[in-house]
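Worksheet for the structure shown next.
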Amino acid sequence: MTKEPLKACMVCGNFTVRPVGWDVCRVCFWEDDGVIEPDRHSASNHMTVAEGREAFARYGAVEERFASKVRPPRKRERPENQPSPT
């Protein structure tokens, strides 16, 4: 059984999100609800992607209250460790 490759989180950029359905990034706690436009409001996250990115830069999570629930990205999840598209 092969695992599906993960996709990049819209907020932190780490490859932590399953490509199908809702998923929560374990690195920043963004709930992937399909919103990809930086200035579009995400109903699931109660903010825009841009606001989530600002909060992640400030708190290490999309909200300060989630900072204790997140973890650092694993080496294989970091963007620089992803295979180049062919």
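The values are calculated or read from the model by the stated rules, or taken from the named source; none is laboratory data. Just so we're clear, the structure is a prediction, and the values are computed from it rather than from any experiment. Virtual Cβ from ideal backbone geometry, glycine too; neighbours counted across all protein chains shown.
On the basis of being in contact with a Cys (Cβ under 9 Å, 6 or more places away or on another chain) and at pLDDT 95 or above, does residue 54 make the cut?
no
Criterion first (of a type in the set (D, E, K, R) and either surrounded by 14 or more Cβ atoms within 10 Å (Cβ to Cβ) or at pLDDT 95 or above (or both)) does residue 3 satisfy it? No: the conditions fail for residue 3.
A quick yes/no check of all residues on (1) closer than 9 Å to residue 11 by Cα; (2) not basic (Lys, Arg):
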site	(1), (2)
21	no, yes
24	no, yes
27	no, yes
32	no, yes
39	no, yes
43	no, yes
47	no, yes
50	yes, yes
58	no, no
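Look at (1) at positive phi; (2) surrounded by 19 or more Cβ atoms within 10 Å (Cβ to Cβ) and you find that residue 21 fails only one, number (2).
Taking first residues from the stretch 67-81 that are more than 13 Å from residue 28 (Cα to Cα) and partners that are assigned to a loop (DSSP other than H, G, I, E, B) and among the small types (Gly, Ala, Ser), the Cβ contacts under 8 Å between residues at least 6 apart in sequence or on separate chains come to 79/13.
The residue that is surrounded by the most Cβ atoms within 10 Å (Cβ to Cβ), counting only those in the stretch 33-86 that are assigned to a loop (DSSP other than H, G, I, E, B) and aliphatic (A, V, I, L, M), is 62.
Can you say whether residue 13 is in a helix (DSSP H, G or I), among the small types (Gly, Ala, Ser) and at pLDDT 95 or above, as far as the supplied structure shows? So residue 13 fails the test.
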